[in-house]
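Comments concern the structure below.
The values are calculated or read from the model by the stated rules, or taken from the named source; none is laboratory data. Not measured: the values here are computed from a predicted model. FYI the Cβ positions are ideal-geometry reconstructions off the backbone, even for glycines, and counts take in every protein chain you see.
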């Protein structure tokens, strides 16, 4: 067909998008795709790259691009890495029942900032404080959108243009280049480093206290451990020293937990309840790590200090919304009732190895005739900047597919939104983090991979 005839055969845009296949699609997204495709088509005709026009193929190609754009980028994945608090996979899971109860509040008008008893404006933070103060026997609590915000708010409120003493062994950097020295600098506080990387003594704090000192700060070493010839000062000793000099003591705990941890983890990680016995000025920690709830940053401590934090103008930029408050409230109730199975993070952590083997058998019974596998004992990490370098036992199923390398197998599973890990040059699915309800999908995905 001559070029001129081909050019005339390109459909009119307005007529083309009237096709029933495009009904109910977003014209805002669709029109640029159609125009771009037609522009490309014209150039290809003029360059002799196209000799015919197939409208069916045109529609099909445009529809495919449209759905690629409209498909949600944020998707459900199955965490088969064994890392319970996986930062890249959304950290802690939300209990579905907590979410359902919160949904009713979040999808209705509510008393977020309204005092039903007094009939006037209330405070959003009060919805948590009455429960949380009972849970931890603390004077007051403030919740912001994450622990990084909590650290910044504390430093900016109490130590702006003042000195804060921190051990050199605790100048951490965590995911996303969050560095304590940089946060402190941006907050307006002046960092005073004491001790050495591997050893810090109480005298190091004492010797560096001046009239400009406002705070003694301890930072949890979230993702590393210093071993061997090393020592650090316990927070309770830092807290006592701060009181002697009328200074604030502050513990950036990172990943706080309430219950005694299994597998001997208590030997290196003190619970929030034990830390509160030190009578701290302020402690902050994340809501979506070992606490096992939504993304949030808790600041707990003295009522007069929390009151000052609430007056900081930055708080309006860092505050949490009604959905976060609703879910946190439900999870705190579960803690008060000691219903720890309602906290998915704790539920995964406390599962016995025998239960993990039972769950693995549910999968292997269905795939034993279609793929090479082995059930193995392994170890994993809790993750999320908690219990650094401390491993816990787990159970995994190795998957081997003929002529496929472990990396290729990992890629194939990832295309099915199943995220496993490679260990000892073998791809495996770790059952510490696989939920029972997802095993059937994994089974069907394996069948599909092997037969495709």
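In contact with a strand residue (DSSP E or B) (Cβ under 9 Å, 6 or more places away or on another chain), closer than 14 Å to residue 82 by Cα and outside the structural domain of residue 254 (by TED's automatic domain parsing) - does that describe any residue in the range 366-374? Within the range 366-374 (the criterion being in contact with a strand residue (DSSP E or B) (Cβ under 9 Å, 6 or more places away or on another chain), closer than 14 Å to residue 82 by Cα and outside the structural domain of residue 254 (by TED's automatic domain parsing)), the answer is no, since none of the residues qualifies.
Taking the criterion of being more than 18 Å from residue 239 (Cα to Cα) and part of a loop (DSSP other than H, G, I, E, B), the residues of the range 264-311 that qualify are 264, 268, 287, 288, 289, 290, 291, 292, 293, 294, 295, 296. Considering the range 92-173, the qualifying helices (runs of 4 or more DSSP H), each wholly inside and each with 1 or more residues that are without any contact (Cβ under 8 Å) to a residue 40 or more places away in the chain and surrounded by fewer than 17 Cβ atoms within 10 Å (Cβ to Cβ), run over 96-106, 126-136. All of 88, 79 fail the test of being surrounded by 12 or more Cβ atoms within 10 Å (Cβ to Cβ) and in contact (Cβ under 8 Å) with a residue 60 or more places away in the chain, apart from 79.
Does the range 413-429 hold any residues that are touching a residue at least 12 places away in the same chain (Cβ under 8 Å) and either surrounded by fewer than 20 Cβ atoms within 10 Å (Cβ to Cβ) or more than 24 Å from residue 452 (Cβ to Cβ) (or both), and which are they? Hits for the range 413-429 are 416, 417, 419, 421, 422, 423, 425, 426.
Filtered by the rule that a residue be modelled with pLDDT of 95 or more, in a loop (DSSP other than H, G, I, E, B) and surrounded by 19 or more Cβ atoms within 10 Å (Cβ to Cβ), the range 201-232 gives no residues.
Of the residues making up the range 38-60, just one is in contact with a helix residue (DSSP H, G or I) (Cβ under 7 Å, 6 or more places away or on another chain) and farther than 14 Å from residue 9 by Cα, namely 59. Considering 11, 72, the condition of being exposed (fewer than 10 other Cβ atoms within 10 Å of the Cβ) and either in contact (Cβ under 8 Å) with a residue 60 or more places away in the chain or not in a helix (DSSP H, G or I) (or both) is satisfied by 72 alone. Number of residues in the range 403-412 that are surrounded by fewer than 18 Cβ atoms within 10 Å (Cβ to Cβ) and either part of a helix (DSSP H, G or I) or in contact (Cβ under 8 Å) with a residue 24 or more places away in the chain (or both) equals 3.
Is it fair to say residue 265 is under 31 Å from the mean Cα position of the chain (by Cα), surrounded by 13 or more Cβ atoms within 10 Å (Cβ to Cβ), at pLDDT below 95 and within 17 Å of residue 170 (Cα to Cα)? Against the criterion (under 31 Å from the mean Cα position of the chain (by Cα), surrounded by 13 or more Cβ atoms within 10 Å (Cβ to Cβ), at pLDDT below 95 and within 17 Å of residue 170 (Cα to Cα)), residue 265 does not qualify.
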